[in-house]
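Step one of this worksheet: look at the structure below.
The values are calculated or read from the model by the stated rules, or taken from the named source; none is laboratory data. Note that the structure is predicted; figures quoted are calculated from it, not measured. All Cβ positions, even for glycine, are placed from backbone atoms using ideal geometry, and neighbour counts span all protein chains on display.
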Amino acid sequence: MRLGTVTLTICLALAAPATQAQPTAAETARQAAPATTGQGSVLQGYVLMLQATEQDLKAAREKAAQEPASYSGSAMTPARQQLMREVRDAYHAMQNAPEAVQDTEAYRDARVEVQQAFTAIGPGWDQSTQQGVAAADRALAALDRLRQSVAGMAEAAGGAVPAPPVAGGGR
């Protein structure tokens, strides 16, 4: 069974675009040292969830930036619909924050910024593609700051979380 996993991993690595040098959330989870406290473990899990959320949002942002503003009259393109879903999902995912995180300024700021991004990108989006992508960039930057803050909290609680920047909030 191990050989099948290795083969699948190699195939996926070869199929991945060359520009995708960032580790996946699963790879980061394997690299993370186990937390020495329950709180550190909870914070590590939240950091990894934020990292995966950032990766998904960044991919949707890149795709939306490459598509025309609309098609079939005034309908939203599939990429713009996906971007809207990813921002919504990011907002919902970050609400699963551990209690210790919910009390931080970083969390409160990120929550407001991601909610504002969803409002800008969400249903009824009548902005240009550039404005929508800019809103996604703001959400990515907010998630990145929150992830870094929680990674610091996790480390202080006894867990080391390798948290490379996966979305710097823009190009």
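In this structure, A93 qualifies as of a type outside the set (S, T, N, Q), out of contact with any Lys or Arg (no Cβ under 9 Å at 6 or more places or on another chain) and modelled with pLDDT of 90 or more. Considering only residues in the range 121-133 that are in a helix (DSSP H, G or I) and either buried (at least 18 other Cβ atoms within 10 Å of the Cβ) or of a type in the set (V, I, T) (or both), the one that is modelled with the highest pLDDT turns out to be V133. Would you say R108 is of a type outside the set (A, V, I, L, M, F, W, C) and under 23 Å from A64 (Cα atoms)? Spelling it out, it is not the case that R108 is of a type outside the set (A, V, I, L, M, F, W, C) and under 23 Å from A64 (Cα atoms).
Of the conditions (1) in contact with a Lys or Arg (Cβ under 9 Å, 6 or more places away or on another chain); (2) hydrophobic (A, V, I, L, M, F, W, C); (3) at pLDDT 90 or above, V112 satisfies every one except a single condition; which number is it? Only one criterion in (1) in contact with a Lys or Arg (Cβ under 9 Å, 6 or more places away or on another chain); (2) hydrophobic (A, V, I, L, M, F, W, C); (3) at pLDDT 90 or above is unmet by V112, namely (1).
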